Amino acid sequence: MIDDPAAETGQNPATGYDPHASSLLGEADPAVLDELYAIRGSIDNFDATLVYLLAERFKCTQRVGRLKAEHALPASDPGRE
């Protein structure tokens, strides 16, 4: 039994959609579609990595904000910006 509803529908759990969904089925050569799906998979991986990196960056900016507040430092730093 599959506990992940996205897996049951063929959806990518990271993105929530089926990476093989396409209006090109039946119009393009299967080999072309396979390459297209592989490229789209790479794009999905880049997107997931970017989201992760942005979340990690946000954590760091929160730490900077707390540190500045604890030490009565100004929020902005014109020399850095």
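Just checking, how many residues over segment 43-60 are of a type in the set (A, V, I, L, M, F, W, C) and more than 24 Å from H20 (Cα to Cα)? Steps first, please.
If we filter segment 43-60 for residues that are of a type in the set (A, V, I, L, M, F, W, C), which is where we start, we get 43, 46, 48, 50-51, 53-55, 58, 60.
Restricting the remaining residues to those that are more than 24 Å from H20 (Cα to Cα) gives 53-55, 58, 60.
The number of residues fulfilling the criteria is 5.
Just to check your reading of the model, which residue among A48, A28 is in a helix (DSSP H, G or I), out of contact with any Gly (no Cβ under 6 Å at 6 or more places or on another chain) and either modelled with pLDDT under 95 or of a type in the set (A, V, I, L, M) (or both)?
On the way: A28 fails: in a helix (DSSP H, G or I).
On inspection, the qualifying residue turns out to be A48.
Exactly one condition in (1) at pLDDT 95 or above; (2) under 22 Å from the mean Cα position of the chain (by Cα); (3) of a type outside the set (A, V, I, L, M); (4) surrounded by 12 or more Cβ atoms within 10 Å (Cβ to Cβ) is false for Q11; which is it?
That leaves (1) as the condition not met.
The values are calculated or read from the model by the stated rules, or taken from the named source; none is laboratory data. All values derive from a computational prediction rather than experimental measurement. Positions of Cβ are backbone-derived with ideal geometry, glycine not excepted, and every protein chain shown enters the neighbour counts.
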